[in-house]
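Nothing in this text is a laboratory measurement; each read-out follows from the coordinates by a stated rule. This is a predicted model, so every value here is computed, not measured. Methodologically, a virtual Cβ is constructed for each residue, glycine included, from the backbone with ideal geometry; neighbour enumeration extends over all protein chains shown.
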């Protein structure tokens, strides 16, 4: 367990389920404690080290579950269900292509494993990362090692003052494929900008089961806004192509 | 002889454990994890005449030892359940209890008549207790006369025994139980969720988009046990008990209180293997308690 900022923690876990991890952007469902909280916590996978059977999750200490999770220490074990969901597709991305990765706050972690795997394929990767302030920043060094990295902070304490969209305006960035994970207002702004492009977003929602049975995390399908068609974020997502579901 | 066997109207259960309606979908997700034939039965997600998308999200919120949900009876509708979900479930050797819901009596009658014809549907569970839909649902579950009338109407058209799922959101659960028994119910299932609410401390607004939701999980188990215990003393039809079961001891408690079988709901979300795990543990638990058969536990706490 490592404290990246005063509220962001990185936790590395070892176990056989690492071998089942397929794409970047999948998540694990963590039972923090036997009794309280009752439900598992869905947290995205930030880094996979298959040969060591290890993976890392990066999470923000926010409520009861993540606060308890942040207290875990080396040597403890956790009940984990996963890997779950469908991650970011890599097919079609190879040498000579450029990927633009845009992340906001605690939505940034899954983009790290994505960037690593894109790099392994020889893809040029550009990162645009948005934070609240300098104190909230994490993993900048790690991302910089994988490709050009632009940072924005809402209060201007580091990088471009404002949001990720301000960087996109300023630098006129684009890619053959765009991948994003972050708060919904950010994703909506990006949807307007890149709606006709090859663009994948990872969504978040309160979940119960994480496997598609409880119907807690549904989104309406875009082409049928008044209809009954839906996708489940946990088992159909969490990554969707833009235009597939209503954000 | 199978020590866990329980025989109820329409239901030949190889064990008394079944997933509760709304917590197991139509089984597909769990079938990837284990063989559904190990289950005593399956209570499938509530089916309505037309497809329903349900409520806007957030639909769930955690509470101490429990959770609130306001899914809103999302389901693909009667036709799709008849043509796709139920035939798919036929590959498993397990009786299906079809949970049915509606916003008016005619809806229940229509769904009951059709769905009870499906070869693997061995019983119906009338959902008159969903707290998360504006019309119907709980409206039928809080008035004894209405509940009785609905039971009679469904009984007239159903080809299989009818169980009525009672709401705990009433002053006297015994009156509701007696009313549906008079209406001809073959059994009672209880309890559905308790109406509850949670507010966001930062925004002062409800966390659930629907404002209120149904409370489930271990927090409600004492209420469920009390209600099974009360109802068991005033009706002669069998009870399937549910509410907060997480462990094998919880099952025994429900059986002692007068339930003949149990359903497991929220715990499936926490541990998807909870049903097969408990089924496996039951024989040893019977040994430990000195019982030959599961039947020996039923109603043991009653006079």
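Taking a quarter of the surface of the Cα convex hull of segment B:50-95 gives a mean projected area of 4.8 nm².
Based on Cα contacts under 8 Å between residues 6+ apart, chain A shows a relative contact order of 18 percent. Pairwise Cα distances in segment B:74-179 exceed 19 Å in 42 percent of cases. Taken along the Cα-to-beta-carbon direction at a fixed 7 Å, the label points for residue A:76 and residue A:3 span 1.5 nm. Taken over segment A:155-202, the alpha-carbon convex hull comes to 81 cubic angstrom per residue. Shape summary: the protein assembly as shown maps onto an equivalent ellipsoid whose semi-axes, from the alpha-carbon gyration tensor, are 47, 24, 21 Å in decreasing order. With all projection directions averaged, the alpha carbon convex hull of segment B:1-46 covers 3.6 nm².
Using a Gaussian network model of chain A in which every pair of alpha carbons under 10 angstrom is joined by a spring, one finds that among A:63, A:82, A:237 the greatest mean-square fluctuation is at A:63.
Calculated mean residue ellipticity at 222 nm for chain A: -5000 deg cm²/dmol, from DSSP H runs with n ≥ 4 weighted as -39500 (n - 2.57), summed, divided by the residue count and rounded to 500. Normalised size of segment A:98-202, defined as Cα radius of gyration per 2.2 N^0.38 Å with N residues, equals 0.96.
Evaluating kT/(6 pi eta Rh) at 25 °C and 0.890 mPa s, with the Kirkwood radius of segment A:2-84 over Cα pairs in the Stokes-Einstein relation, gives 190 µm² s⁻¹.
In terms of its C-alpha gyration tensor, segment B:248-303 comes out oblate, because a/c is 1.5 or above while a/b does not outweigh b/c. Its residue count N sets the reference 2.2 N^0.38 Å, and the alpha-carbon radius of gyration of chain A equals 0.98 times that reference. Looking at chain B as a GNM with Cα springs under 10 Å, which of B:147, B:261, B:31 has the largest mean-square fluctuation? Taking springs between Cα atoms under 10 Å, the residue moving most is B:31.
With viscosity 1.567 mPa s and temperature 4 °C, the Kirkwood radius over alpha carbon pairs of chain B converts through Stokes-Einstein to a diffusion coefficient of 68 µm²/s. The relative contact order of segment A:50-175, computed from alpha carbon pairs under 8 Å that lie at least 6 residues apart in sequence, is 19 percent.
Scoring A:158-167, B:237-246, B:288-297 by mean Cβ neighbours within 10 Å over their residues and listing the highest first yields B:237-246, A:158-167, B:288-297. Normalising the average separation of contacting C-alpha pairs (under 8 angstrom, six or more residues apart) by the number of residues puts the relative contact order of segment B:131-210 at 30 percent.
Both radii come from the Cα set of segment B:169-303: Rg as radius of gyration, Rh as Kirkwood radius; their ratio Rg/Rh reads 1.04.
Where is the GNM fluctuation largest for chain B (alpha-carbon springs, 10 angstrom cutoff): B:270, B:49, B:251? Residue with maximal mean-square fluctuation among B:270, B:49, B:251: B:270. So if we plug the beta-carbon distance of residue A:133 and residue A:174 into 1/(1 + (r/R0)^6) with R0 = 30 Å, what FRET efficiency do we get, rounded to 0.05? Calculated value: 0.65.
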